[in-house]
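**Student:** Below is one structure. I have some questions about it.
The values are calculated or read from the model by the stated rules, or taken from the named source; none is laboratory data. Note that this is a predicted model, so its numbers are computed, not measured. Here the Cβ positions follow ideal geometry from the backbone for every residue, glycine too, while neighbour counts run over all protein chains shown. The accessibility values were calculated without ligands, DNA or RNA, using every heavy atom of the protein model including side chains. Shrake-Rupley method; radii C 1.70, N 1.55, O 1.52, S 1.80 Å.
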Amino acid sequence: MLGGAAFATACGHERTTTHPSTLSIGIVMIGQASPLPEELRRGLAGPIRWRLLLALVVVGGIALLHRIDALLTREYEREAAAQAIQGDALIEGFIRQRVQLLTTLGALTGSAHGTRDESERFDVLASEIRREMPDIATVYLLDARGGVRIARGEDALPDPGVAHRAFPLRAPAMRQAAEEHAPAATAPLRLADGRPGTLLYVPIISGNRLTGYVAAAFAYERLFTRALAGQLRGRFPYRVYDERGEVIASSVGFPEHIARDITREITLPGGHAWRLDIAVESMQPLTARAINWVTGVLVLMLVGFLALREELRARRFAAYSRDLELLSRDLLDANMRLEERAQQIAEANRAKSRFLANVSHELRTPLNAIVGYNSLALDGMYGEVPTPLRASHKRIQAAADHLLGLVNDVLDLSKIEVGRMEREIEPVDLDSILDGVATVVEPAAEAKGLRVDVVAARELPRIETDPRHLRQILLNLTANAIKFTERGAVTVVARKGGLGVEISVEDTGIGIAASDLDRIFEEFEQVRPSGRGDSMQRGTGLGLAIARKLARLLGGELTVVSQVGHGSCFTLTLPVAAPARTADSTIDAALGEAAAPGRTIAHPVEHPRPAAATPSSTRVEQPASGDERTSVTHIEDEPSTNPRG
């Protein structure tokens, strides 16, 4: 074979040395983050619109919370004002009710007939009033000068026997009642037990003349605690002040620190007045405002968190998108470069094949001349050849034949690779092809003491293929089988296949190791490459490569099943009709690949030893039915099974 430098020079191509740096395509790995341009970093770092929107949402949320807080406070103050109005009306109505009862008592007493009737009426009505209104401590019936005529109830006033006009706090109220003919109340005074209270005087008028008074002593404690406490009790603390500013009633737990006072004036008979204060505490309503702010702040925090998370996701997505875009560009550039390299390699292979084909073609002429002149010398055309010289001529003849076969193999391989191997498709008779192959290899088998068996099914389909290529494939397979078989037999079996025919070449030779099954169909590969030995005995390693390429060129496939020490079985599968040749098939042939990839399978195969290894070539026809037998050596197995199993 020619060296690489000679081949490159002959083809007119420059040799190019490929370095790893030349093949670098700058692919950015997925797991590594590529540096981003500064413009992209600034664009990702400042999503102004997102942040402005988030700031507006936060500010708007805080303003809304403040508005809700103000509404809650205002509503709370409205409730406090409503309770103040309600408490004012309640107290005034309470006192007005008692004034009305006392006025009724005075009218009934003033219309009595005689002292006894007056006393009875007073006793009955006064007892009923005290029973219904426990806040009235004592009910008095006074004469016009303020003397006590009848008293029902507790001794609420000090000095009960002294006329009421004698007391400076009572006399003004009595004069006001007499002058105005209307109820009048005293200023706050101390009752007999020291508790604060007041007296209410109702004048008794008979014929436009003052005949006496009906008076009632009220204790503030009973008035507010027993009578009004349940009705004034509410959400808001309160206090009631008299006209001197003293506290006469207060709710439990009145706060010291208040945000606002709601004041209402309580008008009493006689021009006196009390003051009702409703306290609005600070931070009230605490529960509602706390819920408002806590919930609002949590919602705003959640919104901010979600917005920031989406922003981070957007930034990561933008960075990943940029990386993917850069990666896509690099991959596209790498693919373009790889396509260019593939085209260059394919062109180099085609140039190599053309060169080998041309060189091989040129070598055949001198080789044929050597073979021819050597044959003429051996035939005595130039005189008798001495015996020692004849042995040398025979060695020259063997070496030339071997070299000529090698040139023919290289030429065939080159033609297949460049797509110039011609096919002559025609109907083929498999029986004649098998007989011809057996006839050619019979001398080599007899020389090694081997038997060649040919087994064919009776009704094999007539296929359309190239008979020359088919014969070459079978000759390569049977020659290899005979070469690597020391004893036993080589069997050629033809049977129907799935969509065509299957032709198997089995031997009982040394077998092929499982590690070698993947490379025996490669060019210049040998099963036993160790040792230098004689190249004519070892072969060139092209026979199986050419056989498989020719099989694929015919639309078929070549597979092998083998086990070391038990022989090998090569199976050629061919369709009934060879497919039309296309540009794709030409390219596949040039690259050494078929449209349907072959399969190399390593399975143990049992090959029984024949009873006797008699040198013979036996043509065996399988019967179509069980009762018809036309064979030299009887083989009863069906063609679809192992004929030697």
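**Student:** Of everything in region 113-129, what is of a type in the set (S, T, N, Q) and more than 12 Å from residue 139 (Cβ to Cβ)? Give them in sequence order. Explain how you work it out, then say what you get.
**Tutor:** Let us first name the residues in region 113-129 that are of a type in the set (S, T, N, Q), namely 115, 119, 127.
Of everything in region 113-129, those that are of a type in the set (S, T, N, Q) and more than 12 Å from residue 139 (Cβ to Cβ) turn out to be 115, 119.
**Student:** Looking only at region 174-197, count every residue that is closer than 20 Å to residue 246 by Cβ and free of Cβ contacts under 8 Å to residues at least 60 places away in the same chain and tell me the total. Let's see the steps before the verdict.
**Tutor:** Restricting attention to region 174-197, the residues satisfying the condition of being closer than 20 Å to residue 246 by Cβ are 185-197.
Next cut, free of Cβ contacts under 8 Å to residues at least 60 places away in the same chain only: 189-196.
Residues flagged as closer than 20 Å to residue 246 by Cβ and free of Cβ contacts under 8 Å to residues at least 60 places away in the same chain within region 174-197 amount to 8.
**Student:** I've got another one for you. Tell me, which residue of region 228-266 that is modelled with pLDDT of 80 or more and of a type in the set (Ser, Thr, Tyr) is farthest from residue 276 (Cα to Cα)?
**Tutor:** Residue satisfying both the conditions and the ranking: 250.
**Student:** Residues of region 454-492 being surrounded by 20 or more Cβ atoms within 10 Å (Cβ to Cβ) and aromatic (Phe, Trp, Tyr), which ones?
**Tutor:** Result: no residue meets the conditions.
**Student:** Same structure again: State yes or no: is residue 315 within 22 Å of residue 170 (Cα to Cα), in contact (Cβ under 8 Å) with a residue 60 or more places away in the chain and part of a helix (DSSP H, G or I)?
**Tutor:** On the way: within 22 Å of residue 170 (Cα to Cα): no; in contact (Cβ under 8 Å) with a residue 60 or more places away in the chain: yes; part of a helix (DSSP H, G or I): yes.
Here the answer is no, as residue 315 does not meet what is asked.
**Student:** Of all residues in region 137-147, which are buried (at least 16 other Cβ atoms within 10 Å of the Cβ) and either among the aromatic types (Phe, Trp, Tyr) or in contact with a Gly (Cβ under 7 Å, 6 or more places away or on another chain) (or both)?
**Tutor:** Result: 137, 138, 139, 140, 141, 142.
**Student:** Another one. Need the failing condition index for residue 133 against (1) modelled with pLDDT of 85 or more; (2) open to solvent by less than 50 Å² (accessible area, probe 1.4 Å); (3) within 23 Å of residue 224 (Cβ to Cβ), just the number.
**Tutor:** (1)
**Student:** Of all residues in region 505-521, count the ones that are in a loop (DSSP other than H, G, I, E, B) and either of a type in the set (Gly, Ala, Ser) or at pLDDT 80 or above (or both). Don't jump to the end; show me each part of the working.
**Tutor:** In the first step, residues of region 505-521 are kept if they are in a loop (DSSP other than H, G, I, E, B); the result is 508-513, 517-521.
Still in the running and either of a type in the set (Gly, Ala, Ser) or at pLDDT 80 or above (or both): 508-513, 517, 519-521.
Residues in region 505-521 being in a loop (DSSP other than H, G, I, E, B) and either of a type in the set (Gly, Ala, Ser) or at pLDDT 80 or above (or both): 10 in total.
**Student:** Are there any pairs, at least 6 apart or on different chains, whose C-beta atoms fall under 6 Å, with the first in region 395-409 and farther than 11 Å from residue 364 by Cα and the second open to solvent by 40 Å² or more (accessible area, probe 1.4 Å) and in a helix (DSSP H, G or I), and if so, which?
**Tutor:** Note: pairs meeting the criteria are 402/536.
**Student:** Name, by its number, the condition in (1) touching a Gly at 6+ places or on another chain (Cβ under 8 Å); (2) closer than 20 Å to residue 542 by Cα; (3) among the acidic types (Asp, Glu); (4) assigned to a loop (DSSP other than H, G, I, E, B) that does not hold for residue 486.
**Tutor:** (2)
**Student:** So which residues in region 414-455 are of a type in the set (Gly, Ala, Ser), within 21 Å of residue 550 (Cβ to Cβ) and in contact with a strand residue (DSSP E or B) (Cβ under 7 Å, 6 or more places away or on another chain)?
**Tutor:** Correct list: 438 only.
**Student:** Could you please give the count of residues in region 157-174 that are of a type in the set (Gly, Ala, Ser) and in contact with a Gly (Cβ under 7 Å, 6 or more places away or on another chain)? Let's see the steps before the verdict.
**Tutor:** Within region 157-174, the subset of a type in the set (Gly, Ala, Ser) is 161, 163, 166, 171, 173.
Those left that are additionally in contact with a Gly (Cβ under 7 Å, 6 or more places away or on another chain): 163, 173.
Matching residues across region 157-174 total 2.
**Student:** Scan region 437-453 and tell me whether some residue there is within 18 Å of residue 560 (Cβ to Cβ), crowded, with 18+ Cβ neighbours inside 10 Å and small (Gly, Ala, Ser). Full working, then the answer.
**Tutor:** Our first condition is that a residue be within 18 Å of residue 560 (Cβ to Cβ); within region 437-453, this holds for none.
No, the conditions are met nowhere in region 437-453.
**Student:** Show the residue pairs that are 6+ apart or on different chains and have beta-carbon atoms under 8 Å apart, the first residue being within region 69-95 and among the aromatic types (Phe, Trp, Tyr), the second being open to solvent by less than 30 Å² (accessible area, probe 1.4 Å).
**Tutor:** Cβ pairs passing all conditions: 76/280; 76/285; 94/223; 94/227; 94/228.
**Student:** Just to be sure, is residue 559 at pLDDT 85 or above, of a type outside the set (A, V, I, L, M) and within 22 Å of residue 427 (Cα to Cα)?
**Tutor:** On the way: at pLDDT 85 or above: yes; of a type outside the set (A, V, I, L, M): yes; within 22 Å of residue 427 (Cα to Cα): no.
Considered against the rule, which asks whether it is at pLDDT 85 or above, of a type outside the set (A, V, I, L, M) and within 22 Å of residue 427 (Cα to Cα), residue 559 comes out as no.
**Student:** Can you say whether residue 422 is within 19 Å of residue 555 (Cα to Cα), without any contact (Cβ under 8 Å) to a residue 24 or more places away in the chain and either surrounded by fewer than 14 Cβ atoms within 10 Å (Cβ to Cβ) or aromatic (Phe, Trp, Tyr) (or both), as far as the supplied structure shows?
**Tutor:** Working: within 19 Å of residue 555 (Cα to Cα): yes; without any contact (Cβ under 8 Å) to a residue 24 or more places away in the chain: yes; either surrounded by fewer than 14 Cβ atoms within 10 Å (Cβ to Cβ) or aromatic (Phe, Trp, Tyr) (or both): yes.
Yes.
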